[in-house]
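**Student:** Got a structure for you, written out below as structure tokens; questions coming shortly.
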Amino acid sequence: MSGLYIHIPFCKQACSYCDFYFVTRQQNKQDFVDELIREIHAKKDSVFTEEPVRSIYFGGGTPSLLTAEQVNAILDAIRDVFDTDLKEITLEMNPDDVSREYLSGLKSAGINRASMGIQSFNPELLKFMNRAHTSEEAMKCLEILEASEFKVFTVDVIYGNPGQSLEILEQDLDTILEFNPPHISAYSLTIEPQTRLGKQVKLGRITPPEDDTVSDHFDLVVDKLAAAGIQQYEVSNYAKPGSEAVHNSNYWSHENYLGLGPGAHSFWWNEDQASATRWKNRSNLNAYLNGDWKEQSEREELNLADLAEERLMLGLRTKKGLEKKKLKSTYHFEFNDRQLRYLQKLEENGRAETGERIHLTKEGLKIADSILLDLITMT
Ligand code: SF4
């Protein structure tokens, strides 16, 4: 079973923290859709069509800048080329693009999971992040969603923003919870050097929040959502039981996925099942429109040791964690003595539970990145 990721590289404006690939000019949208359909057709009879597609994810950029007809045409091309056993077809949307008619058009096209990029309802924070939508639009899109046929949806929220108080975060969470979401992604704001926010931090115009503040935000998110029956199942992802994301869960468990569109990454196990290849399409819309998707860029061959390290990084960010037996059978990986002592220490400090299955606790997930760095540098 594999996943398909479709990158839609258009945005109305640049959010201050974003380092995804997108362009803000909109005139090539139909040319892009035509080229994407050519890229999909070019996969016919390839190794990528040998297993059924279980999930499709429209990400970006802003997929909701496409019309429902364009989304339908892309899905038709996918159905023509791939064998499908689809559990989930997600499309990321921004609040300012959502209307009743649009949601109904997407539903008819086959989208069955809406991912709503709310981030916050607070007007100052939305302005600070340079989001294209207003607080009113954020509220309105959830009302439209609630009245629509989409019963499966997820809402994105950001915490750890400079100037974001616990009260503002709590109000955002309260408002989202009024809509009874089955799934929430809550991301801690990361400051990437090449973004507008990164440059302002470098110039000393903005001070990032203290670690303790971010840690308080994290606690509030985990506890508040848990009280509403929405459990953390990955560092940044929360779901009611049974509503965990299929597509992202497949990434974390190293299933094959194929990325289409400029800047999209792919990962595919090689025939020997003892190595895999990762590559991406170049992040350049003009080149993409000239057919450069035919070339794989940044192609990387991964051996079992690379894959084991990656699986550790991905798996230990999930609540489910990793099975030692599986690590051994699939990756020929066993923890060394140093790592076992380190894991033991984490367990004594309440940050991990180790046994046949190793997983981080809430306290461990809070500092997952530093734990993972420690662990992999001990190999
Ligand atoms: S809408 Fe999404 S992809 Fe576009 S700039 Fe904002 S965060 Fe980045």
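The values are calculated or read from the model by the stated rules, or taken from the named source; none is laboratory data. Everything quoted here is computed from the prediction, not taken from an experiment. All Cβ positions, even for glycine, are placed from backbone atoms using ideal geometry, and neighbour counts span all protein chains on display. Each accessible area value is taken on the protein alone, full model and side chains, heavy atoms only, with ligands, DNA and RNA left out. Shrake-Rupley method; radii C 1.70, N 1.55, O 1.52, S 1.80 Å.
**Student:** Using +1 at the Cβ of each Lys and Arg and -1 at the Cβ of each Asp and Glu in region 217-322, identify which of Gln231, Ala276, Gly321 lies farthest towards the dipole's positive end.
**Tutor:** The residue sitting most towards the positive pole is Gln231.
**Student:** Additional query: Looking only at Cα atoms, what is the convex hull volume of region 315-379 per residue, in Å³?
**Tutor:** For region 315-379, the hull spanned by Cα atoms encloses 74 Å³ per residue.
**Student:** While we're here: Would you list the P(r) distribution for region 165-285, with all Cα-Cα distances sorted into 5 Å bins from 0 and each bin expressed as a whole %?
**Tutor:** 2, 9, 14, 13, 15, 15, 15, 12, 4, 2, 0
**Student:** While we're looking at this one, here's another question. Can you give the Rg/Rh ratio of region 173-236, where Rg is from the C-alpha atoms and Rh is the Kirkwood radius?
**Tutor:** Using Cα coordinates only, the ratio equals 1.08.
**Student:** In region 240-292, what GluC sites (Glu not before Pro) fall in a loop by DSSP, with at most 14 other Cβ atoms inside 10 Å?
**Tutor:** Here the sparse-neighbourhood loop sites are Glu271.
**Student:** Where only protein heavy atoms count, and the probe is 1.4 Å, what is the accessible area per residue for the chain in Å²?
**Tutor:** 46 Å²
**Student:** Report the Cα centroid-to-centroid distance between region 46-123 and region 254-272 in angstrom, as an integer.
**Tutor:** Each part's Cα centre sits 18 Å from the other's.
**Student:** Pull up the DSSP beta bridges for the chain and report the antiparallel fraction as a percent, rounded to 5.
**Tutor:** Expressed as a percentage, antiparallel bridges in the chain total about 40.
**Student:** Still on this structure, please answer the following. Tell me which GluC sites (Glu not before Pro) from region 344-377 have a DSSP coil assignment and no more than 14 other beta carbons within 10 Å of their own.
**Tutor:** Glu356
**Student:** Give me the aspartates and glutamates in straight-line cross-link reach of Lys12: C-alpha distance below 12 Å, same-chain residues under 8 apart excluded.
**Tutor:** Asp96, Asp97
**Student:** If you don't mind, there's one more thing I want to ask. Taking Cα centroids, how far is region 189-243 from region 300-334 in Å?
**Tutor:** When both Cα centres are located, 26 Å separates them.
**Student:** On to the next question. On alpha-carbon atoms, Rg over Rh for the chain using Kirkwood Rh?
**Tutor:** That ratio equals 0.95.
**Student:** Related question: To the nearest 0.05, how large is the calculated FRET efficiency for Asp272 and Asp292 if R₀ is 25 Å and r is the Cβ-Cβ distance?
**Tutor:** 0.30
**Student:** Also: Can you send over the carbon and sulfur percentage of the accessible area for region 314-379, probe radius 1.4 Å, protein chains only?
**Tutor:** 48 percent
**Student:** Just grab the label-to-label distance for Lys29 and Gln200, each label 7 Å out from Cα along the Cβ direction, in nm (one decimal).
**Tutor:** Spacing of the two 7 Å Cα→Cβ label points: 2.8 nm.
**Student:** Any lysines with Cα under 19 Å of the Lys326 Cα? List them, leaving off those in the same chain fewer than 8 positions away.
**Tutor:** Reachable lysines: none.
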